[in-house]
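Inspection log for the structure reproduced underneath, given as structure tokens.
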Amino acid sequence: MILIIKIYSNAKVIHKFNYLLLKKIYFYHTIKKYLKFNKKDLMKNILLGAHVSITGGFDKAILRGEEIGCTAIQIFLKSSRTWHAKKLTLQEIESFKAAQKNSSIKIVVAHCSYLINIASSSNDTEQKSVKALKQELEICNELGVPYLVLHPGSHLKAGEDVGIEKIAKNLDAVLENCDGKTMILLEIMAGQGTNIGYKFEQLKQIRHLCKHKNKVGICFDTCHAFSAGYDISTPKSYEKVWEEFDKILGLKNLKAIHLNDSKSPCGSKVDRHENIGNGTIPLKTFELIMNDKRFSDIPKILETPETSSGDNYPKEIKLLKSLIK
């Protein structure tokens, strides 16, 4: 009798084990299928691209982006070497919006003219910079461009604290009567010359002093950050940098990433962009960024040097996509 009960009990255990095993196998295949779909979905929705020209009109920038495989692009709003921006016509605005709507370009980021220096100790340059920044912000709002990337500025030996205060003051002057949705993104700098913004603390201080900080975000440039001394060359140091960024600036304020390799070593404070995989930043770093879920909805823009063949952007976009696991 005891033997029969034992055999019966063992049969029940085996049956239960087989049932759980089958359940796990089914669950594994379901998840595996989901993960495959998830990667495909990630590839489809990734925000990756490059800086493209607006020659011939803003709508042409959309076409250029599509031709090289972009889903995100960055543009200048005028010649990067001129102060004044011409007023947009309604046709220009509508053509741009229609071109983007019918394209694979999910987001457009703008970059300020290199002439703009709202930290300048020269009153003339400061006033011209504020006026130019207002014009560019207005164009962004008209085109529906959500982000305008700005180099914080150079204090020109007036001192970093003085420069930081000027930047915050002038950002407020620009944003004071602006009803649009476009955010100004302060770009982290390499620390070359008297540039401000090569430390997370400096960017934090600018935002802290700014009354309209809700309209001021951050753009992280891999080349600039690396040259400034933020070591992102190993998985451990990479994570340490982002933990520091989150603690000081908050990841919620990161709105764009510039993907650039560097010709210069970490901490050199020399701003020299290089093509992905050819510089001092390991390819592994770009793999980490491309697979970092925290940045899945953040536009990643290439600003690497044009090669003699002129096909570096499509090649680099393809390379970066291949790093997605």
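At-a-glance table
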read-out: Residue, farthest from residue 72 (Cα to Cα), within segment 298-325, restricted to residues that are part of a helix (DSSP H, G or I) and among the hydroxyl-bearing types (Ser, Thr, Tyr); value: 322
read-out: Subset of segment 189-200 that is at positive phi and in contact with a strand residue (DSSP E or B) (Cβ under 8 Å, 6 or more places away or on another chain) - its residue that is surrounded by the fewest Cβ atoms within 10 Å (Cβ to Cβ); value: 193
read-out: Complete set of residues in segment 276-297 that are out of contact with any Leu (no Cβ under 8 Å at 6 or more places or on another chain) and of a type outside the set (A, V, I, L, M); value: 278, 279, 280, 282, 284, 285, 292, 293
read-out: Answer residue from segment 119-136, given it is closer than 20 Å to residue 209 by Cα and under 25 Å from the mean Cα position of the chain (by Cα) and is surrounded by the most Cβ atoms within 10 Å (Cβ to Cβ) among those; value: 119
read-out: Leading residue by the ranking (farthest from residue 301 (Cα to Cα)) among those in segment 230-273 that are touching a residue at least 40 places away in the same chain (Cβ under 8 Å), basic (Lys, Arg) and touching a Ser or Thr at 6+ places or on another chain (Cβ under 8 Å); value: 269
read-out: Odd one out for residue 105, checked against (1) within 21 Å of residue 302 (Cα to Cα); (2) among the hydrophobic types (A, V, I, L, M, F, W, C); (3) without any contact (Cβ under 8 Å) to a residue 40 or more places away in the chain; value: (3)
read-out: So residue 271, is it assigned by TED's automatic domain parsing to the domain that holds residue 232, acidic (Asp, Glu) and farther than 21 Å from residue 63 by Cα; value: yes
read-out: Filtered residue count, segment 255-284, keeping only those that are in contact with a Gly (Cβ under 9 Å, 6 or more places away or on another chain), farther than 13 Å from residue 226 by Cβ and surrounded by 17 or more Cβ atoms within 10 Å (Cβ to Cβ); value: 2
read-out: Candidate set: segment 201-254, residues that are β-branched (Val, Ile, Thr) and not in a helix (DSSP H, G or I); chosen: the one surrounded by the most Cβ atoms within 10 Å (Cβ to Cβ); value: 218
read-out: Some residue of segment 17-40 being at pLDDT 55 or above and part of a strand (DSSP E or B); value: no
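The values are calculated or read from the model by the stated rules, or taken from the named source; none is laboratory data. Source: prediction; values computed, not measured. Here Cβ is always computed from backbone atoms with ideal geometry, including for glycine, and neighbour counts include all displayed protein chains.
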